[in-house]
Amino acid sequence: MKVIVTFQEAVERGLWARMRPWFGRDERDEEELWPNEEFVLTEAQAQELGLLRQM
């Protein structure tokens with residue numbers, strides 16, 4: 001399973017700082033990102049962020 005999260009959703013949920021290294025981004029990149037830019041998470045990453053319940 002893959003989970004898609006936009007940049008704006010990640011920021012609003014307070015997840016962006018944890019996601020940033022997974023996508024090779026740093027704080028300087030934030031100015032270049034669109035609010036609707038999508039990031040695809042693996043199921044394990046989504047669970048780590050608390051987006052999915054572990055079964």
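How large is the Kirkwood hydrodynamic radius of the chain, in angstrom, based on all distinct alpha carbon pairs?
Across the chain, the inverse of the average 1/r is 11.5 Å.
With the full set of protein chains in place, find how many percent of the accessible area of the chain is carbon and sulfur; take the probe as 1.4 Å.
The C+S portion of the solvent-accessible surface of the chain is 46 percent.
Taking K and R as +1 and D and E as -1, what net charge do the other residues with C-beta under 13 Å from the C-beta of R25 add up to?
-4
Tell me what the chain gives for mean residue ellipticity at 222 nm when only DSSP H runs of n ≥ 4 count, each as -39,500 (n - 2.57), the sum divided by the residue total, rounded to 500 deg cm²/dmol.
Rounded to the nearest 500, it is -6000 deg cm²/dmol.
Which of L49, P21, I4 sits closest to the plus end of the dipole of the chain, meaning its Cα is farthest towards the positive end, when Lys and Arg get +1 and Asp and Glu get -1 on the C-beta?
Of the options given, the answer is L49.
Could you list the trypsin sites (Lys or Arg not before Pro) in the chain that lie in coil according to DSSP, counting only those with at most 14 other Cβ atoms within 10 Å of their Cβ?
R13, R53
Spin-label point model (7 Å from Cα, Cβ direction): what's the E9 to D29 distance in nm?
1.8
The values are calculated or read from the model by the stated rules, or taken from the named source; none is laboratory data. Remember, predicted model here, so these are calculated numbers, not experimental data. Note that each Cβ is placed from the backbone with ideal geometry, even for glycine, and that neighbours are counted across all protein chains shown. Side chains are part of the model used for accessible areas, which takes the heavy atoms of the whole protein and leaves out ligands, DNA and RNA. Shrake-Rupley method; radii C 1.70, N 1.55, O 1.52, S 1.80 Å.
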